[in-house]
1. So how many residues does region B:26-58 have that are near DNA strand C (Cβ under 7 Å from one of its atoms) and either farther than 20 Å from residue B:95 by Cβ or without any contact (Cβ under 8 Å) to a residue 24 or more places away in the chain (or both)?
2. Please count how many residues of region B:223-245 are of a type in the set (A, V, I, L, M, F, W, C), open to solvent by 10 Å² or more (accessible area, probe 1.4 Å) and under 24 Å from residue B:131 (Cβ atoms).
3. Does residue A:248 qualify as being crowded, with 21+ Cβ neighbours inside 10 Å, at pLDDT 95 or above, in the same structural domain as residue A:175 (by TED's automatic domain parsing) and farther than 25 Å from residue A:133 by Cα?
4. Can you say whether residue A:76 is surrounded by 23 or more Cβ atoms within 10 Å (Cβ to Cβ) and of a type in the set (Ser, Thr, Tyr), as far as the supplied structure shows?
5. So how many residues does region B:1-10 have that are basic (Lys, Arg) and either near DNA strand D (Cβ under 10 Å from one of its atoms) or open to solvent by less than 40 Å² (accessible area, probe 1.4 Å) (or both)?
6. Looking for whichever is under 26 Å from residue B:281 (Cα atoms), assigned by TED's automatic domain parsing to the domain that holds residue B:305 and away from DNA strand D (no atom under 15 Å from the Cβ) here; the options are B:98, B:110. Which one fits?
7. When the residues of region A:11-45 are filtered to those that are under 26 Å from residue B:59 (Cβ atoms) and within 14 Å of chain B (Cβ to nearest Cβ), which remaining residue is least open to solvent (accessible area, probe 1.4 Å)?
8. Quick one: is residue B:59 away from DNA strand D (no atom under 12 Å from the Cβ) and not assigned by TED's automatic domain parsing to the domain that holds residue B:284?
There are 2 protein chains.
Amino acid sequence: MGKERVTVIDIAHAAGVSKSTVSLVLQASPLVNEATRAKVNAVIRDLGYVYNRGAANLRQSNSKSKIIGIVVNDLTNSFFAELAVGVDMVVQSAGYVQFLANTAESVDRQREVIASMREHGISGLILSPARGTDSADLKPLVASGIPVVNVVRQVSGAKVSSLVSDNHAGMRDAVRHLVGLGHHRIAFLGGFPDTAVFNERLQGYRDALSDMDLAVHEELVVSSAPSRAGGVAAIERALLLRERPTAAVCFNDAVAFGVCDGLRAHRLDPGEDFAVIGFDDVIEAQTAVPALTTISVDPQGMGRRAAQLLLKQINAGRADAEAIVSSVRLVVRQSCGAAIDKRERLSLL
Amino acid sequence: MGKERVTVIDIAHAAGVSKSTVSLVLQASPLVNEATRAKVNAVIRDLGYVYNRGAANLRQSNSKSKIIGIVVNDLTNSFFAELAVGVDMVVQSAGYVQFLANTAESVDRQREVIASMREHGISGLILSPARGTDSADLKPLVASGIPVVNVVRQVSGAKVSSLVSDNHAGMRDAVRHLVGLGHHRIAFLGGFPDTAVFNERLQGYRDALSDMDLAVHEELVVSSAPSRAGGVAAIERALLLRERPTAAVCFNDAVAFGVCDGLRAHRLDPGEDFAVIGFDDVIEAQTAVPALTTISVDPQGMGRRAAQLLLKQINAGRADAEAIVSSVRLVVRQSCGAAIDKRERLSLL
DNA sequence: TGACAAAATTGGAACGTTCCAATTATCTTG
DNA sequence: CAAGATAATTGGAACGTTCCAATTTTGTCA
């Protein structure tokens, strides 16, 4: 059962027309008579024909494969899962299908999967590059005219489009908000210092402090893995300082959750005894206790926009690089809402 | 730049051999002389040739497309993201690449993406079916000899392999553990009652109570959306009962987190004043505060096993359905560890 | 109704690969 | 060194589709 593939010739035969006519109805050409179209479609249904895009794509030669690729550096991070969902939405409704691969921050794996996707004929790629990705890694892709959209992270020197969130402005707003609440010892917690994203956010932190005429104390910047565990580690270190911070902006929400965990371990109540602000606005941020004040970047929306940009470039045939920075907004919830008296009590510790 | 595709003929030309020879070196055939192999490979590198799997697959006709599909019902749920990562691992190292699609519980979308993947020539499919999937939806796939592995959820009547976790045993163990700690009013919180998974877990709950000679009180079973918000709602309702439960097993971890949130909103300390057990062991379970006692199903491992099973069937050429139930284990952390005195205090409220 | 236009249909070549059968080059060895 | 065996190479057909140019059918109207 099901051994023999039904081809366009089989249905041409059965419908009493030529394969060319069948091909025409497959692509909904207006050239074909309504009656024959109906007959052919009926036969198609009856015989259980399935269109062979591989063959079609081979003949059409270049590009229109209706496949795009998306490769991310860490799919276990729900930020990227959300992003993938956003991409999936627009890609799906445009009749495309997506290859998805996870690189787990390995540039070797990344090279392999991109090569593999290329062999399979993707007509575009959305890439959240692994740490250490070199512009040379993308060279062959763009040389062959395949549009690439980088998301979240940029690859310096690569002539590809990018869509990143406004890390600088986001962190600046977060710090300003805390200063407005009366904090002046604000820590910057988490993240790896060798990434562009980290440095953009850190710069936002510094600039905000400068703008408000506050000194930036380097000991208040403590880096760590950008994970929940990293957040725990970072707050531990920060609480060891002889002059403790009273608030923290965190590299991302995962770190922020870790910071909350760490605070509780020290019998401090996040949002009451210590103000915490995250970055990303992952889905758990609003339901966590306390609800996390954070910079909302709407990963799903980013995925949608990245996909739209990519499809635009694919359809345009030619893709000139454009760099979009996606604006970002502070969502105030409970984790930053330290009441004055409590904060004062803490600063006396 | 990059307009003209480099083909096997081009490199044959440049290397001074025939296209057949080039084809032979591409598939690493032992028939070709070392010297020519080296020369051809050099030319391949120089010209920046990329293999066209579409064309190859067309000639080889059936099956060996090196593409598998994975479609899940909710990628925003980190359980499925983890599962996808597991699949990705084994699929990637087997030289395959995967289409990923999210159905968001829509059978229509599911039908579309499966059809689309089929047109693109997947040689196997891993499916976590959307609610309401009918075995007829999978009929054409299996009829054409494409192996399908269902994960997490089964589709009754479909002649496909499945890999589900042992919901019954997992919930039974959770309840036994709570009873062992001295609880006798244990709630079952969250989940939609019209799903097979819900009923399996509920049955495990009932059977465990019966086994321990405890009555099952129907008012202690409160269903809700299987989400964090649903967990909040469920515990709210449960705390309204005139005879409150002292512990709860939850439909999944997301619900369990919600339950913890809801408890805190009522000034109850999860793990101290009330025992909570989840199901799934998502990645956050171990770092949450309190760390969540839960049934570990290792979604990544499930993904790996599903992929292995699928690849086995693809390689075997023929796929007879096998149903695997993946065993599951109770991971005891803090959220269930109510100390005796506290529990007694609570039960007096 | 004959002639011309418009509409509908069609055969074959092409896309880039693999496979088969056949051919040519290279070794063995008596 | 002839001749058989083995190693290496090769030309063409085939995979399932699309596209082009050409052909056939149908429609229009003087």
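1. So the count comes out to 4.
2. 4
3. Details: crowded, with 21+ Cβ neighbours inside 10 Å: yes; at pLDDT 95 or above: yes; in the same structural domain as residue A:175 (by TED's automatic domain parsing): yes; farther than 25 Å from residue A:133 by Cα: yes.
Judged against the criteria, residue A:248 is a match.
4. Details: surrounded by 23 or more Cβ atoms within 10 Å (Cβ to Cβ): no; of a type in the set (Ser, Thr, Tyr): yes.
Judged against the criteria, residue A:76 is not a match.
5. Applying the first criterion (basic (Lys, Arg)) to region B:1-10 yields B:3, B:5.
Next cut, either near DNA strand D (Cβ under 10 Å from one of its atoms) or open to solvent by less than 40 Å² (accessible area, probe 1.4 Å) (or both) only: none.
Qualifying residue count for the region: 0.
6. Details: B:110 fails: under 26 Å from residue B:281 (Cα atoms).
Every option except B:98 fails the conditions.
7. A:44
8. Details: away from DNA strand D (no atom under 12 Å from the Cβ): no; not assigned by TED's automatic domain parsing to the domain that holds residue B:284: yes.
Taking the combined requirement at face value, the residue does not satisfy it.
The values are calculated or read from the model by the stated rules, or taken from the named source; none is laboratory data. These numbers come from a predicted model, not from an experiment. Counting neighbours? That spans all protein chains shown, and the Cβs are built from the backbone with ideal geometry, glycine included. Accessible surface is based on the protein model in full, side chains and every heavy atom, while ligands, DNA and RNA are left aside. Shrake-Rupley method; radii C 1.70, N 1.55, O 1.52, S 1.80 Å.
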